[in-house]
Amino acid sequence: MKRLSIVLLLFVQTSIAQTALDDTGFGEIRLGKTYELIENRINVVDVDAIPEYAWFAPMSLNYWLTEVEQDTASYYEMLETDRLIAESLNLKIVWCSFQKKKDANFFKCPIECAQLIFENNSLKGIIVAFDKNDITPEAKESIFEQFEAQFGQADFNESSLSTPRRFDSNWKINERLIRVSDAQTMDGGIGETVQVLYWQ
């Protein structure tokens, strides 16, 4: 009897996990939520903590010093200017990782970091990047299959820089865009990880 109870519990937990993914997000990280509603689920990180292979990684200090201008102060002025521009548009951009295992491992692969974009304190965009060390071909397939099982057949993203392919796919549902991609940037080229975008 105890064994049957454990099997039933695992079945229920698996069913809940599968239904937690929808067109608004995953777990408790959902489009439309306020910053205050998810604040206790995230660890806000500094821009320096974002790996360069994430789409949303700002220009690194090293790149700035070697390719733009050899001045550390101007780098931080640039970041501050970007922040002020975002504020003037009623946007708040948060770089973070997730505290809760349900959020941080929702796709059965560790999410290394995320960018959350709030407009008028309502979550408008979610971009997550998985830890590149865990993105095997099998992991990519698993992530893609979970989205396809939930949303149906995807549209391949069309880019002038790369040919359409399965691991660069979009779904448009209820006026929201969902994208799963292993592209190096938003524009193409195969990168080191998988990124997931939700946009409203």
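The values are calculated or read from the model by the stated rules, or taken from the named source; none is laboratory data. Just so it is clear, the model here is predicted, and its values are computed rather than measured. Cβ atoms come from the backbone with ideal geometry, glycine included; neighbour counts cover every protein chain shown. All accessible areas refer to the heavy atoms of the entire protein, side chains included, with ligands and DNA or RNA removed. Shrake-Rupley method; radii C 1.70, N 1.55, O 1.52, S 1.80 Å.
Debye-formula intensities of the stretch 25-100, expressed as log10 I(q)/I(0) at q = 0.14 Å⁻¹, are -0.58 (one equal scatterer per alpha-carbon, no solvent). The calculated 222 nm mean residue ellipticity attributable to helices in the chain amounts to -9000 deg cm²/dmol, summing -39500 (n - 2.57) over DSSP H runs of n ≥ 4 and dividing by all residues. The gain in end-to-end length when the LYS100 to VAL68 segment is fully stretched comes to 7.7 nm, 0.36 nm per residue minus the alpha carbon separation. Please work out whether the stretch 93-147 counts as rounded, prolate or oblate from its C-alpha gyration tensor, where a ≥ b ≥ c are the square roots of the eigenvalues and a/c under 1.5 means rounded, while otherwise a/b larger than b/c means prolate and anything else oblate? Here the stretch 93-147 falls in the prolate category. Modelled this way, with points 7 Å down the Cα-to-C-beta line, the labels at ASN121 and ARG166 are 4.5 nm from one another.
Note on GLU145 and TYR53: the extension gain reaches 30.8 nm, defined as 0.36 nm multiplied by sequence separation minus the Cα-Cα distance. Between ASN43 and LEU61, residue separation times 0.36 nm minus the direct Cα-Cα distance comes to 4.3 nm.
Here the stretch 63-112 exposes an accessible surface that is 53 percent carbon and sulfur, computed with a 1.4 Å probe and the other protein chains kept in place. Computed from the Cβ-Cβ distance with R0 of 22 Å, the FRET efficiency linking ASN90 to ASP22 stands at 0.25.
Sequence-ordered 3J(HN,Hα) estimates for the stretch 101-114 from the Karplus curve with 6.51, -1.76 and 1.60 and θ = phi - 60° stand at 4, 4, 7, 6, 10, 4, 8, 6, 9, x, 7, 6, 6, 8 Hz, glycine and proline given as x.
Recomputing percent of Cα pairs over 30 Å apart from the coordinates shown identifies the correct label among (i) 29; (ii) 25; (iii) 21 as (ii).
Once the mean 1/r over all distinct Cα pairs of the stretch 95-200 is inverted, what Kirkwood radius in angstroms do you read off?
Values: mean 1/r = 0.0705 Å⁻¹.
In the stretch 95-200 this quantity evaluates to 14.2 Å.
Each residue, ASP155 and MET186, gets one label point 7 Å from its Cα in the Cβ direction; the gap between the two is 1.7 nm. Comparing GLU28, GLU119, GLU80 in a Gaussian network model of the chain, where Cα atoms under 10 Å apart are tied by springs, the biggest mean-square fluctuation is seen for GLU80.
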